[in-house]
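Some notes on the structure that comes next.
What follows draws every value from the coordinates through simple rules; no lab data is involved. Everything numeric in this text was worked out from a predicted model, so none of it was measured. All Cβ positions, glycine included, derive from the backbone under ideal geometry; neighbour counts span all protein chains shown.
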Amino acid sequence: MKKVLFITYYWPPSVKASLHWPLKMIKFLPESGWQPSVLTVEEDTFSSKDDSLLNDIDKNLKVIKANSFEPFNIYKKFTGRQKDEQLIASETISTINKSLTHRISIWIRMNLFIPDARVGWYYPAVKKGSAYLDKGNVDAIISIGPPHTTHLAGMRLSKKFSIPHIPVFIDPWVDIVYYKNFKRSKPTIALDNYLEKRVLQTSKSAVFVTKTMRNDYIKKYPFLNNKSHVLYWGYDEEDFKDIRSEIPGNVETIVHAGNIFDFQNTPEFWKQVKSEINNGRKLKIKFIGTVSPGIKQTIENTGLNSYTEYLGFLPYNEMLKELSKASYLLVCATEPRHVPGKLFEYLRTGKPIIAFGNDNEEVKHILEETNSGMMFRYNQNAREFFEKAGSIKTDYSKIEIFDRKNIAKGLSIILQGI
């Protein structure tokens with residue numbers, strides 16, 4: 001059996017969404033003749049924890065852990081937070097917070113931490129990875145980003161040990177969407193572009209989780225045309241074996257799962273929800289995960305506080321149960337290259353999906369192809385959805401291609417080609 005080393009900063013019990021892709025690839029790759037191992041951080045102090053995710057890890061899986069310098073501990077002290085206080089992603093980059101300490105912290109994060117705030121993990125990861133690779137043969141290295149520091153570690157280990165490297169892009173690198181509202185200096189952007197290009201030039205192959213992101217990167221780096229692939233985020237059918245879809249009662253519930261940021265706010269939609277309620281419709285909103293201050297403020301200003309629940313973090317299985325009880329599922333794409341990972345769990349539930357995203361043809365195509373929902377721009381109110389939701393019936397035969405077992409087979413074909 002051939003061996004592949006995955007480099008992923010996020011790993012159970014961390015609940016960071018981007019760990020699910022490597023977790024499931026590692027789960028299913030042995031069926032295609034590949035034995036995985038994992039290089040990860042000793043402890044992710046930023047994310048919440050979900051011990052139930054550990055159940056997906058084979059007890060024989062080799063997991064190598066490297067310590068990391070965590071700037072978020074300094075951030076807490078600088079901004080007057082308690083050492084054990086849980087940070088919220090949507091708040092740390094919020095544009096609503098105008099305090100001097102917050103603005104200074106943002107500038108430091110955007111300009112001094114290159115490629116990202118996890119760069120303090122690079123040297124420990126390379127050191128631990130080198131010690132592991134010195135002891136045995138590995139046929140390929142796969143790095144998962146963000147954080148894109150993992151790709152730098154993958155590139156260094158690939159060069160040192162002459163092992164093919166495949167970076168996987170869950171999100172873009174240099175122009176990731178949450179940079180758009182913040183200033184980055186020209187030297188910072190130039191260095192970031194250099195690192196991105198160098199990783200992709202030296203890689204044996206590259207994987208993107210959306211077609212639009214791959215096409216965008218090919219325009220930027222034409223040399224990727226013949227060595228890049230698309231493997232969607234997907235869902236794991238086994239996660240749904242004990243989940244039963246429930247028929248909503250007399251109150252219709254709109255559920256959003258995952259972090260939601262200021263730049264994903266839908267003020268016209270919230271107004272429409274309030275209008276529907278004023279006209280006698282029984283609606284309520286549930287947020288699972290973190291919600292940005294800007295969105296909470298809009299919810300309050302629209303008069304929806306008494307119709308809204310903020311459930312915070314839930315263990316993964318509990319989150320899936322909440323999706324199964326929903327009437328409608330809300331998803332917000334950040335940009336045209338973004339196909340939210342949560343979309344695929346949404347598809348599997350079969351519940352009608354309300355999607356927002358400007359010029360996101362890829363999400364729109366998936367929804368139309370599977371007859372699972374409707375897509376709107378951020379300045380639209382989605383009134384049409386409430387009129388047609390009853391006719392939305394997901395075509396399950398069209399979503400089976402997104403089963404992660406099938407996606408892992410696609411990854412094994414890429415590995416065989418190196």
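Summing charges over neighbours of Leu311, with a neighbour being any other residue whose Cβ is under 10 Å away from its Cβ, gives -2 when K and R count +1 and D and E count -1.
Relative to the longest principal axis of the Cα atoms of the chain, helix 122-133 runs at roughly 60 degrees. Taking other Cβ atoms within 10 Å as a rough exposure proxy, Met374, Met213 sort from fewest to most as Met374, Met213.
Simple spin-label estimate for Asp56 and Lys220 gives 2.7 nm between the two label positions (7 Å along the Cα-to-Cβ direction from each Cα).
Between Thr290, Leu411, Tyr132, the Cα set farthest toward the positive side of the dipole of the chain (charges on each charged residue's Cβ, about the Cα centre) is that of Tyr132. Model label sites at Glu237 and Asp175, defined 7 Å from Cα along the beta-carbon direction, differ in position by 3.9 nm. I want the local charge near Asn406. Using Cβ-Cβ distances under 10 Å, sum +1 for each Lys or Arg and -1 for each Asp or Glu among the other residues. Every neighbour counted, the sum reads 0. Taking the 0 to 90 degree range and rounding to the nearest ten, how far is the long axis of helix 186-202 tilted relative to the main principal axis of the chain, both from C-alpha atoms? Around 70 degrees separate the two axes.
By other beta-carbon atoms within 10 Å, ranking Asp395, Asp262, Asp56 with the fewest at the front produces Asp395, Asp56, Asp262.
Cross-link partners of Lys3 among aspartates and glutamates, defined as those whose alpha carbon lies under 16 angstrom from its own and excluding same-chain residues fewer than eight positions apart: Glu31, Asp58, Asp134, Asp139. Note the angle between two axes, namely the Cα long axis of helix 267-278 and the longest principal axis of the Cα atoms of the chain, as a number of degrees from 0 to 90, rounded to the nearest 10. The answer is roughly 40 degrees.
Take the Cβ atoms of Lys159 and Ser306, set R0 to 51 Å, and the FRET efficiency comes out at 0.30. The phi-based Karplus calculation (6.51 cos²θ - 1.76 cosθ + 1.60; θ = phi - 60°) puts the 3J(HN,Hα) values of the stretch 58-68 at 4, 5, 8, 5, 7, 10, 9, 10, 10, 5, 9 Hz, whole numbers, x for Gly and Pro. Per-residue extension of 0.36 nm, minus the Cα-Cα distance of Phe113 and Ile413, leaves a gain of 104.5 nm for this segment. Find which of Gly312, Leu367, Val331 sits farthest along the positive direction of the dipole of the stretch 237-400, computed with +1 on the beta-carbon of Lys and Arg, -1 on that of Asp and Glu, about the Cα centre. So the residue we want is Gly312. For the stretch 21-28, putting each phi into the Karplus relation 6.51 cos²θ - 1.76 cosθ + 1.60 with θ = phi - 60° gives couplings of 5, x, 4, 7, 4, 5, 5, 9 Hz, in residue order, rounded to whole numbers and with x for Gly and Pro. Pairs with C-alpha atoms separated by more than 18 Å, drawn from the list Lys49/Lys286; Lys2/Lys128; Lys127/Lys159, are Lys49/Lys286; Lys2/Lys128. Model label points for Gln380 and Arg244, set 7 angstrom from Cα along the Cα-to-Cβ axis, are 3.6 nm apart. Computed extension gain for Lys3 through Glu369, at 0.36 nm per residue and net of the alpha carbon distance, reaches 128.1 nm.
Mean residue ellipticity, 222 nm, helices only, the chain: the sum of -39500 (n - 2.57) across DSSP H runs of n ≥ 4, divided by residue count and rounded to 500, is -11000 deg cm²/dmol. In order along the stretch 6-19, the phi-based Karplus estimate (6.51 cos²θ - 1.76 cosθ + 1.60, θ = phi - 60°) of 3J(HN,Hα) comes to 8, 10, 9, 5, 8, 7, x, x, 4, 9, 4, 4, 5, 7 Hz; Gly and Pro are listed as x. Near the amide H of Val230, within less than 5 Å, lie the amide hydrogens of Phe208, all on another chain or at least 5 residues away, with H placed in the peptide plane.
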